[in-house]
Structure formats: structure tokens, C-alpha cells
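Each remark here refers to the structure printed beneath this line.
The values are calculated or read from the model by the stated rules, or taken from the named source; none is laboratory data. What you see is a predicted model, and the numbers here were worked out from it, not measured in a lab. Neighbour counts are summed over all protein chains in view; Cβ atoms, including those assigned to glycine, are modelled from backbone coordinates with ideal geometry. The area values use the complete protein model at the heavy-atom level, side chains included, leaving out ligands, DNA and RNA. Shrake-Rupley method; radii C 1.70, N 1.55, O 1.52, S 1.80 Å.
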Amino acid sequence: MQIISKTALKVRYAETDQMGMVHHGNYAQYLELARIDWLLQLGISYKSMEENGIILPVFTLDFKFKKPAFFDDSLIVKTSLRKIPTAKIIFDYEIYNQNHELLTIASTTLVFVNDKTRKPTSCPPYLLDKIKNN
């Protein structure tokens, strides 16, 4: 079940703060890009999930910053699934720079929600099948 994706990102100037480091608020976007990439690796489009009535709001977001990233750094976001999803799905992340230094450890918990009722629901069977068959 260890499905891991690696997403490459380049730090843009606008993502840095006055100290020249990536502002902490940008890391949530990096994780979002990496999650979408992880799903695409399984052959699932986030957009198609939404079109099928499932949305995934973030329930928890946790970061541990070890070293800063800077403008023009090449980052790799390593994304993995913590366990088989139920009504929630938990991802773990590691962000590395071009020197293979671990910069950040993070995790997110997202909840499967029915778009019409706005109530939690189970992980869609098609996603479970893809996870179990990889």
C-alpha cells in the first residue's frame, strides 16, 4: 500500500519573505499540489472526484520546519498515504531541496464530504480499489 509520489517545484520570488526565505503560508499550497499529483499517479483526477460529488476539505494541517527554502530552490515534495482511508484520508510529506536536505515534514488529514449534503461520507470505492491494487 506504500504509494509514494514525488512532485518537483521551483520556489518563485513572490513566495519568499523579507528574510529571503519561503514564507510559511506557501507550504500549504505546495502540499496541495503534491496531493493532486499523488492522486493523478493513481489515475484519479481531483476535478473528476468533485464532479462526482465528493469534496475533500482539510481537517488538520501540521508542519515541522527544519531548514528554510529560498528563492530559486528546486524542491521535491515526497507524498505518501499513511493508511487506508475511511471517511478521512491522511497524507505524510517530506520536502527536500536540490541538495537532498530535508527541509520540512508535514501531514494533512482531509475528510471525504458529500458535496450536496455537506456531510462526511466514506472514501469512494473507486479510490479504495486503486489504492489496494497498487
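The single condition among (1) open to solvent by 70 Å² or more (accessible area, probe 1.4 Å); (2) within 18 Å of SER5 (Cα to Cα) that ILE95 does not meet is (1).
Of the listed requirements (1) surrounded by 13 or more Cβ atoms within 10 Å (Cβ to Cβ); (2) at pLDDT 95 or above; (3) touching a Gly at 6+ places or on another chain (Cβ under 8 Å), ASN26 misses just one: (3). For region 57-70, a residue qualifies if it is surrounded by 13 or more Cβ atoms within 10 Å (Cβ to Cβ), more than 15 Å from the chain's Cα centre (by Cα) and more than 15 Å from VAL11 (Cα to Cα), and exactly one does: PHE65.
Just to be sure before I move on: is THR108 within 30 Å of ASN52 (Cβ to Cβ) and in contact with a helix residue (DSSP H, G or I) (Cβ under 7 Å, 6 or more places away or on another chain) in the structure I sent? Judged against the criteria, THR108 is a match. Pick out the one residue from ASP73, ASP129 that is crowded, with 16+ Cβ neighbours inside 10 Å and either basic (Lys, Arg) or more than 17 Å from the chain's Cα centre (by Cα) (or both). None of the other options fit; the residue is ASP73. Residues in region 120-134 that are assigned to a loop (DSSP other than H, G, I, E, B) and either in contact (Cβ under 8 Å) with a residue 60 or more places away in the chain or touching a strand residue (DSSP E or B) at 6+ places or on another chain (Cβ under 9 Å) (or both): THR121, CYS123, PRO124, ASN134. Among the numbered conditions (1) in contact with a Phe, Trp or Tyr (Cβ under 9 Å, 6 or more places away or on another chain); (2) open to solvent by 60 Å² or more (accessible area, probe 1.4 Å), the only one that LEU33 does not meet is (1).
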